[in-house]
1. If you go through the stretch 81-97 one residue at a time, do you hit one that is of a type outside the set (F, W, Y), in a strand (DSSP E or B) and more than 14 Å from I28 (Cα to Cα)?
2. Would it be correct to say that T36 is buried (at least 16 other Cβ atoms within 10 Å of the Cβ) and either not hydrophobic (A, V, I, L, M, F, W, C) or not in a strand (DSSP E or B) (or both)?
3. Can you tell me which condition L86 does not meet? The list is (1) closer than 18 Å to S12 by Cβ; (2) buried (at least 22 other Cβ atoms within 10 Å of the Cβ), and all the others hold.
4. I'm trying to understand the selection: among the residues of the stretch 91-107, which are within 12 Å of the chain's Cα centre (by Cα) and farther than 16 Å from N21 by Cβ?
5. Give G50, G111 a once-over and let me know the one that is surrounded by fewer than 21 Cβ atoms within 10 Å (Cβ to Cβ), out of contact with any Ser or Thr (no Cβ under 6 Å at 6 or more places or on another chain) and at positive phi.
6. Which is under 13 Å from the mean Cα position of the chain (by Cα), of a type in the set (V, I, T) and over 13 Å from W17 (Cβ atoms), of V110, V65, V61?
7. For the stretch 48-58, which positions are part of a strand (DSSP E or B) and either within 13 Å of the chain's Cα centre (by Cα) or among the polar types (S, T, N, Q) (or both)?
8. Could you please find all residues in the stretch 85-128 being free of Cβ contacts under 8 Å to residues at least 12 places away in the same chain and acidic (D, E)?
Amino acid sequence: MTMLNSEKIKFSETHQWICLNEEDVASIGISDYAQTSLGDVVYVELPSLGSVFESGEQCGVVESVKTASDLFIPVAGEVIAVNELLRERPELINELPQETWIFKVKVMDVGLIEALMSQAQYLEFVEKE
């Protein structure tokens with residue numbers, strides 16, 4: 001697992017984080033707030049490779065001992081990789097939420113990432129919830 005550069009991480013209102021790794025490839029996972037709210041993660045339904053999603057579309061599910069929560073893609077893109085390790089070790093999301101990516105996408109419009117919340121803005125956002 002690689003520690004993500006917190007300056008490059010953006011957050012959605014649906015509690016996903018996104019980090020642009022390369023020119024147009026981004027990693028996506030769930031926030032610490034989301035994993036804390038879910039409790040112990042026991043299963044992750046990963047999106048299919050090659051799937052194309054519009055911004056805000058449901059693209060997977062994270063299940064915990066308490067509940068299940070849909071995953072929503074923060075920006076439009078094509079799924080080019082999934083974190084296969086989560087099939088065997090979904091608890092990594094609880095252990096390292098902002099280092100454990102769930103899937104990677106080839107982003108259709110990189111500029112839309114900038115419109116998402118910074119870490120400071122996101123922390124303010126969750127305080128209001």
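The values are calculated or read from the model by the stated rules, or taken from the named source; none is laboratory data. Predicted model, so just to flag it, every value in this text is computed and none were measured. So basically every Cβ, Gly included, is an ideal-geometry build from the backbone, and we count neighbours across all protein chains shown.
1. No, the stretch 81-97 contains no residue that is of a type outside the set (F, W, Y), in a strand (DSSP E or B) and more than 14 Å from I28 (Cα to Cα).
2. Taking the combined requirement at face value, the residue does not satisfy it.
3. All conditions pass for L86, except number (1).
4. Result: I93, P97.
5. Within the list G50, G111, the selection yields G50.
6. After ruling out the rest, the residue left standing is V61.
7. Matches in the stretch 48-58: Q58 only.
8. The answer is E88, E95, E124, E127.
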